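To start, the structure itself, in structure tokens.
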Amino acid sequence: MTVSTVVPDNVPSTLLPPEVQLKDILKTLPKECFQKDLRKAWTAAFVNILMVGLGYLSLAIAPWFLLPVTWIFTGTALTGFFVIGHDCGHRSFAKRRWVNDLVGHLFMAPLIYPFHSWRILHNHHHNHTNKMDVDNAWQPLRPELYAGLGWLGQWGYQALRGRFWWLASIAHWGALHLNPENFEGKDRQKVKLSVLVVLGFGAIAFPLLLATTGIWGFVKFWLLPWLVFHFWMSTFTLVHHTAPDIDFQEPGQWNAARAQLSGTVHCEYPLWVEFLCHHINVHVPHHISTAIPSYNLRIAHRSLKENWDHYLYECHFSWSLMQQITDQCHLYHPEQCYQSFKEFHGEE
């Protein structure tokens, strides 16, 4: 294993026995974890709308030297919009599918995120978490594939796995979510609808914003909060399954229970981030079952701590943590989990 420079709060002290299955873990969770509470769901949605509104009001009246603070706040609140849509995508927001689809589209449209394309790709990630060559979220390249990219491809990959990790979700969004041709059958029609929704939102909102506030207004009120949103999207999704001692498994050796329980990271962020983003980083129970609504994640995690603590990976967010991940977690290595760019080019 690569030597870790950040000591996590808790690391798996032993490997999960291969005979343990996800259903065995699910049986230990209290039933209340899976219960939808419409009052809690809609309260979270309305509070989130108020927080985004407060952010935009602050942007409108704040002096120039406070704009960075208001951009961070507004962009983080917009990330909460995505988490509401995330619950809708997993059908854990409302009991009726059409309500989930409607709310999901409404909350993701301002982020220019097509709801159905994200939902389909994200469910694929849940079904194949940390499965090499199959998972579609932050999968490390095999060294031989990286070697064949050429200097430009290697430079781009190094940037997105290094200090420019915060731009990676924009690349993922642009490459995979906006093209219906990436999907097949009935999924393609649903994706076309979602793409039309975000294009329609952009066709109305962007010209209106430009006409009333100019280019600076577009940058101030939409682009910079959107970049903050993508900073959190990139950061959350990277940290969810990445550490120097969390491996991607070969498809033939992949164990679902191990990947979801021990290959998923519980990371605590500052309280204001947790509040605005609906505790989505209490992530291990979400991978045990996507049916758990976001407002029940902490209840479920406490249960996992009581019954499966030896197999959990927990840490706190810090810049040191991000430095460790972006310095070490680059290329796939079958024994050491990851190989860094320095190690690869040194060996080369």
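The values are calculated or read from the model by the stated rules, or taken from the named source; none is laboratory data. Please read these numbers as outputs of a predicted model, since none were measured by experiment. Heads up, the Cβs are rebuilt from the backbone with ideal geometry, glycines too, and the neighbour counts pull from every protein chain shown. Heads up: the accessible areas ignore ligands, DNA and RNA and are worked out on the full protein's heavy atoms, side chains in. Shrake-Rupley method; radii C 1.70, N 1.55, O 1.52, S 1.80 Å.
Calculate, in nm to one decimal, what Asn123 and Glu314 gain on full extension: separation in residues at 0.36 nm each, minus their alpha carbon distance.
In short, 66.4 nm is gained.
Computed from the mean reciprocal separation of all distinct C-alpha pairs, what Kirkwood hydrodynamic radius does segment 242-348 have, in Å?
That comes to 15.3 Å for segment 242-348.
Give the accessible surface of the chain per residue, rounded to a whole number of Å², with probe radius 1.4 Å and ligands, DNA and RNA excluded.
Per-residue value: 47 Å².
Would you calculate the separation in nanometres between label points at Ser13 and Ala203, each defined as 7 Å from the Cα along the Cα-to-beta-carbon direction?
6.0
Measure off 7 Å from each Cα along the Cα-to-Cβ vector at Lys27 and Arg163, then give the distance between these two points in nanometres to one decimal.
Between Lys27 and Arg163, the simple spin-label model gives 5.2 nm.
Which part of segment 134-154 falls in the paramagnetic zone of His345, meaning amide N under 20 Å from the point 7 Å along Cα-to-beta-carbon?
Residues passing the 20 Å test: 140-154.
From Cα coordinates alone, what are the radius of gyration and Dmax values for segment 12-61 in angstrom?
20.2, 59
Using each residue's phi in segment 204-220, evaluate 6.51 cos²θ - 1.76 cosθ + 1.60 at θ = phi - 60° and report the 3J(HN,Hα) Karplus result to the nearest Hz, with x for Gly and Pro.
8, 6, 5, x, 5, 5, 5, 5, 9, 10, x, 4, 4, x, 4, 5, 5
Residues of segment 92-128 with amide nitrogen under 16 Å from the 7 Å Cα-to-Cβ point of Trp42?
93-104
Between Asn307 and Phe34, how high is the FRET efficiency from 1/(1 + (r/R0)^6) when r is the Cβ-Cβ distance and R₀ = 22 Å? Nearest 0.05.
For R0 = 22 Å, the calculated efficiency reads 0.85.
Could you please tell me the mean projected area of the C-alpha convex hull for segment 156-312, averaged over all directions and given in square nanometres to one decimal?
If you wrap the Cα atoms of segment 156-312 in a convex hull and average its projections, you get 12.8 nm².
Which cross-chain or sequence-distant (5 or more) residues have an amide H under 5 Å from the amide H of His316, H modelled 1.01 Å from N in plane?
Distant-sequence amide H within range of His316: Asp9, Glu268.
Under a Cβ-Cβ cut-off of 12 Å, what is the net charge of the residues other than Ser318 that fall near it, where Lys and Arg count +1 and Asp and Glu count -1?
Local charge sum for Ser318: -2.
Taking Cα pairs under 8 Å and at least six residues apart, what relative contact order does the chain come out at, in percent?
Result for the chain is 31 percent.
Using the Karplus curve 6.51 cos²θ - 1.76 cosθ + 1.60 with θ = phi - 60°, work out ³J(HN,Hα) for each residue of segment 334-339 in order, rounded to whole Hz, and write x for Gly and Pro.
x, 9, 9, 6, 9, 10
Karplus couplings for segment 65-73 from phi (6.51 cos²θ - 1.76 cosθ + 1.60, θ = phi - 60°), rounded to Hz, Gly and Pro as x?
With coefficients 6.51, -1.76 and 1.60, one gets 6, 9, 4, x, 5, 5, 5, 5, 5 Hz.
Of the cross-linked pairs Lys95/Lys305; Lys23/Lys131; Lys40/Lys95, which ones have a Cα-Cα span greater than 21 Å in the structure shown?
Correct reply: Lys95/Lys305.
In whole Å, how far is the Cα centre of segment 90-119 from that of segment 17-87?
Here the answer is 14 Å between Cα centres.
Which order do Leu271, Leu78, Leu227 take by accessible area at a 1.4 Å probe, largest first?
Leu271, Leu227, Leu78
Just the accessible area for Glu144, please: 1.4 Å probe, Å², rounded to the nearest 10?
120
Given springs between every Cα pair under 10 Å in a Gaussian network model of the chain, which of Ile204, Ile120, Ile325 has the largest fluctuation?
With Cα springs under 10 Å in the chain, the top fluctuation among Ile204, Ile120, Ile325 is at Ile204.
Summing -39500 (n - 2.57) over the DSSP H runs of n ≥ 4 in the chain and dividing by its residue number, what mean residue ellipticity at 222 nm do you reach, to the nearest 500 deg cm²/dmol?
Dividing the helical sum by the residues of the chain leaves -17500 deg cm²/dmol.
First select every other residue whose beta carbon is under 15 angstrom from the beta carbon of Gln21; then total the charges, Lys and Arg +1, Asp and Glu -1.
Result for the neighbourhood of Gln21: +1.
State, as an integer percentage, the relative contact order of segment 240-315 based on alpha-carbon contacts under 8 Å between residues 6 or more apart.
33
Given 20 Å bins starting at zero, what is the percent of C-alpha pairs of the chain in each, up to the one with the largest pair distance?
The percentages, shortest bin first, are 29, 60, 12, 0.
List the residues, sorted by chain then number, that are 5 or more residues from Leu141 or on another chain and whose placed amide H is less than 5 Å from its amide H.
Result for Leu141 returns Tyr332.
Could you pull the accessible area for Leu210 with a 1.4 Å probe, rounded to 10 Å²?
Near enough 80 Å² of accessible area.
Using the Cα centre of the chain as the reference point, and only Cβ charges (+1 on K/R, -1 on D/E), how large is the resulting charge dipole? Debye, rounded to the nearest 20.
The calculated dipole for the chain is roughly 1520 debye.
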